[in-house]
Amino acid sequence: MAVVSFKCPNCDGELVFHPRTQKYKCEYCASAFSQEELDQLLPGQGRQIQPNSGPQEGHAAGRQENTPVSERQAEEGNIYQCPSCGAQIVTDDTTAASFCYYCHNPVVLSGRVSGEYLPHKIIPFAIDKKQATEKFLDYVHSKKFVPKAFFNKSQIDKISGVYFPYWMVDMDMEGSMRAEGRNVRVWRSGDTEYTETKIYHVERAGELHLEDITKNALKKANSKLSSGVLPYDMAKAKEFHMGFLSGFLAEKWDMGQAELAGEVRAEAKEYGEKLLKDTVHGYSSLSVRDCRLDCRKENWEYVLLPVWTVTYKGRDGKMYYYSMNGQNGAVYGELPIDYKKVWMLSGMVFLVVFLLGLAGGFFL
Ligand SMILES: [Zn+2]
Ligand SMILES: [Zn+2]
C-alpha cells in the first residue's frame, strides 16, 4: 500500500490542509495553494492532488509503494515506511491518515481511502486547532458542575483532528397504518353521569422519504461521542480528495453496509411509524393496530466527517472523552452533567412526508 505525503511545489516541504483558509499550506515556506492552483502547478496529474513520494521520487512505477517491513507485517498491513525519513510508521487496522512519529511528516495511506474505502464525500475541517482549543476551554468553563482544576491547557493541547468514517443513508419507504382512536365525553344530568365513548377507525397510508440517516462506521469509535457531534451540514460536503487528510488523522470504516443494514432499516421503520402516527390528530387516545412499512429504495454514501477529540484522565482516574464537530464547533462530552438534551438522534434525520391516500377518521 502506498504511503503518500503532499509536497510543496516551491520548496518540497509538507503541505497540510488549513481549515481557516480551506487551502493547502506549506509548513516551511508558508506558501498556500488552493486545490485549483495545485492542479495547475502539477499539470497533467488530474483533478486530484497527486501524491509525491519522498526519497524514492523519480523511480518508475510503484514509486510511492513503500514496502512493508516484513511479509508477516505486510499481511497485517500495519507497518509502513515514512516517505520523508524512512522511519517505520505503525498504524491501527483502520488508520487512513497519520503522522510520522519521528519527523512529524503527515502521511496518508492511500489504500485505505481507495477501492471500497474511497469516500463518496468529505466535509473538510473548518475549525483549526487553535479555535478548537479555545472552544473546548469555553465549553468546560461554562459548565458549572465541572471543577475548574479538572481541566488544564496542556491536556487540551493534546487535542487531535480526526476524520471519522460514517455511512449516510437515504431511504424511500411506503407505509400504511391502521389504528383505533377514541374520544370520551363525560357529562352529568341530574343524578346521572353519562359517558360517551366514540371509537374511530383511523387509516393512514403514504410514501416517506428519509434523508441522511447517519451511522458511525468505526467499531472502536465511542458511539456516544461519534453520534454526539452530529449533525453536519451536508450541503457543504465536498468531493473527496486525499489532500484534505494531510495534517490530520483519519480512519476508515470497519463496519460495512451488511453489518449495519438491519439496524438502519429498523430505525427507519421506527421513524416511519412515528411520522404516520404524528399525522393523526383529534383523538384523546390512539392505539396502533397494524403498521406496515416497506423499503422501496435505499442509497448508502460513505463520508468522512471532521471531529476534534480530547481524551482526559480525571483526578478520579477515570478517562473522559470529548469531541467537537470540526465543521460547526458543537461540543459533546462525557462530563458529569445533564446531556440528555443532546439525545443522539435529535436533528439527525431530516424527514419529509408525502401523504398520499389520506383516510380521515370516521365514525363507526
Ligand atoms: Zn514550501
Ligand atoms: Zn518520517
Review point. What are the residues in the stretch 84-133 that are within 16 Å of ligand 1 (Cβ to nearest atom) and touching a residue at least 40 places away in the same chain (Cβ under 8 Å), if any?
Key: Ser84, Asn105, Pro106
Revision key, fill the gap. Within the stretch 1-46, residues being modelled with pLDDT under 90, charged (D, E, K, R) and surrounded by 13 or more Cβ atoms within 10 Å (Cβ to Cβ) number 6
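Yes or no, residue by residue, for (1) modelled with pLDDT of 95 or more; (2) of a type in the set (S, T, N, Q); (3) assigned to a strand (DSSP E or B):
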site	(1), (2), (3)
Gly181	no, no, yes
Arg185	no, no, yes
Glu196	no, no, yes
Glu203	no, no, yes
Thr214	no, yes, yes
Lys220	no, no, no
Lys224	no, no, no
Ser227	no, yes, no
Exercise for review: List every residue pair whose Cβ atoms lie under 7 Å apart, where the two residues are 6 or more positions apart in sequence or sit on different chains, the first residue falls within the stretch 157-186 and is closer than 22 Å to Lys277 by Cβ, and the second residue, located anywhere, is assigned to a loop (DSSP other than H, G, I, E, B).
Suggested key: Ala179/Val280; Gly181/Val280; Gly181/Tyr283; Arg182/Tyr283; Arg182/Ser284; Asn183/Tyr283; Asn183/Ser284; Val184/Ser284
Review point. Does Ala268 satisfy being among the small types (Gly, Ala, Ser), under 30 Å from Ala96 (Cβ atoms) and in contact with an Asp or Glu (Cβ under 9 Å, 6 or more places away or on another chain)?
Key: yes
Exercise for review: Quickly run through the stretch 262-297 and pick out the residues that are buried (at least 16 other Cβ atoms within 10 Å of the Cβ) and part of a helix (DSSP H, G or I).
Suggested key: Val264, Arg265, Glu267, Ala268, Lys269, Tyr271, Gly272, Glu273, Leu275, Leu276
Revision key, fill the gap. The correct count of residues that are touching a Lys or Arg at 6+ places or on another chain (Cβ under 9 Å) and either modelled with pLDDT of 95 or more or not acidic (Asp, Glu) (or both) in the stretch 254-274 is 3
Practice item. Provide a single number: the residues in the stretch 9-40 that are more than 16 Å from ligand 2 (Cβ to nearest atom) and under 30 Å from the mean Cα position of the chain (by Cα). Key: 18
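The values are calculated or read from the model by the stated rules, or taken from the named source; none is laboratory data. No experiment lies behind these values; they were computed from the predicted model shown. Reconstructed Cβ throughout: ideal geometry from the backbone, glycine too, with neighbour counts over all protein chains shown.
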